[in-house]
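First comes the structure, then the notes that go with it.
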Amino acid sequence: MKKMCCVLLALLPLTAMAYPIDVKKDLNGLKIDYETFDTDSDIGSIRVANYGDVDASCKAVFSNGPEAPRTRKIDVPAGKHKSATAKFNRNIIKLRIELICTPK
């Protein structure tokens, strides 16, 4: 029983919870895919990949509750990917990202 308790206590740091990330997207028919990351407790990031034949100009707006939204502009060439991050003053409880992409 003591060994089982020790194992459970050792695994406790692995159960750290990440914050949820919601993405609202407007891709305008482009072949865009994205992946979000909870980099740190106050940093969020998004990786935007362009699978189409046309270069894309994207805007990512990061929102974390009452803080002012952070806007990042990303130019993603065809067949490539780019990342954008945003750091907030407070710990993130729920991150909302609005991703808007248009052809160049």
Residues satisfying the stated conditions in the range 35-46, i.e. more than 8 Å from the chain's Cα centre (by Cα) and in a strand (DSSP E or B) = T39, D40, I43
inquiry  = Quick check on the range 51-73: of everything there that is over 16 Å from the mean Cα position of the chain (by Cα) and in contact (Cβ under 8 Å) with a residue 40 or more places away in the chain, which residue is nearest to N91 (Cα to Cα)?
reply    = S57
task = Could you please find all residues in the range 47-74 being in contact with a Leu (Cβ under 7 Å, 6 or more places away or on another chain), more than 15 Å from I32 (Cα to Cα) and not in a loop (DSSP other than H, G, I, E, B)?
result = F62
Residue, nearest to D75 (Cα to Cα), within the range 37-51, restricted to residues that are surrounded by fewer than 17 Cβ atoms within 10 Å (Cβ to Cβ) and touching a Gly at 6+ places or on another chain (Cβ under 8 Å) = Y51
ask   = When the range 84-104 is examined, which residues are found to be surrounded by fewer than 17 Cβ atoms within 10 Å (Cβ to Cβ), out of contact with any Pro (no Cβ under 9 Å at 6 or more places or on another chain) and not basic (K, R)?
value = T85, N89, N91, I100, T102, P103
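Read the figures in this text as sums done on the coordinates, not as results from a lab. Source: prediction; values computed, not measured. Cβ coordinates were reconstructed from backbone atoms using ideal geometry, including for glycine residues, and neighbour counts include every protein chain displayed.
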